[in-house]
Amino acid sequence: MTRKDRKMEDDDAFDRALTALLTPERDTDTAEMSRAVLSRIAARTTPRRAPLAEVLTAPAPLGAGFAVLLLAAAGVGYALVPGWDDPMGLLMIGDLLVTGGL
Amino acid sequence: MTAQERAETAQRLMTALARGDRTALARLIALFGAGVRAYAAQALDSPADAEDVAQEVFLRVWARADRYDPTRGAVSTWIWRIALNLCIDRNRRGGVRRFLGLEAAPELADDDPRPEARVDSRQRLDRVRGQIARLPARQRQAILLRASAEMSTAQIAETMGIASGAAEQLLVRARKTLRQAMDPGEETA
């Protein structure tokens, strides 16, 4: 047996001794861990779509989203209006955007 | 169960996990949970957090299951890497909290005598654990992956993201330090 082989054997024996020393500490029961992890996953999981009752009792978030969509649609509408090269047209659009045409 | 069968089972479970199968998660915990908890108990400055960290490891496994890429390594390597990083983060946060006085310093195992254990083996275990805790971080990670997870040098290298030779060097240095702490007459008996 070469010196290198002896050293490897020594190292393996040392590692086994260390494992044996630390292993009695090991608790092999994982059922409780499983339950805890699955409970935490269940607690974190929320429904992706808000139920209708939730929307009716707190309509602000959905209402705000709808308003943003309307504004975006209005913006697109103005952008597509012909007359961007006409100063009068631009004034009218500016008037509509600033004062709402009042 | 052989290492090969274990790896194949883990691979199948990961595929099921990516589809949202919670039973697969429970089986994965049965495969790796005890080892991860044992590693965390040794690697953490506060061993009482081991259970919590082990749970967090599997929560991350669940959350990131669809991102697992089998071509980049075995399932066990992926799980152990998550455990390793979580322990590092937890120790770092604990250190900051202790520095700020928000958390009491963990008691050393030497100060925690347990009457139910045999005094000799307990003292020896405490001495070794104390010595492991004093090792440089990388050496401690390497020797604990060897002792707690019973990994090969190649697996340790893969988990730590270093070359195999570097992992072997870390193990050699860690063993050298620990040998001085353990009774040479008993260590290889």
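Near residue B:151, the amide H atoms lying under 5 Å from its own belong to B:146; only residues 5 or more places off or on other chains count, and H is placed 1.01 Å from N.
Among B:168, A:9, sorting on how many other beta-carbon atoms sit within 10 Å of each Cβ, with the fewest leading, yields A:9, B:168. Restricting the trypsin sites (Lys or Arg not before Pro) of region B:31-67 to loop positions (DSSP other than H, G, I, E, B) with no more than 16 neighbouring Cβ atoms within 10 Å leaves B:64.
Bear in mind that the values in this text are calculations on the coordinates, not laboratory data. Model, not experiment: these values are computed from the prediction. We place every Cβ from the backbone using ideal geometry, glycine too, and count neighbours over all the protein chains shown.
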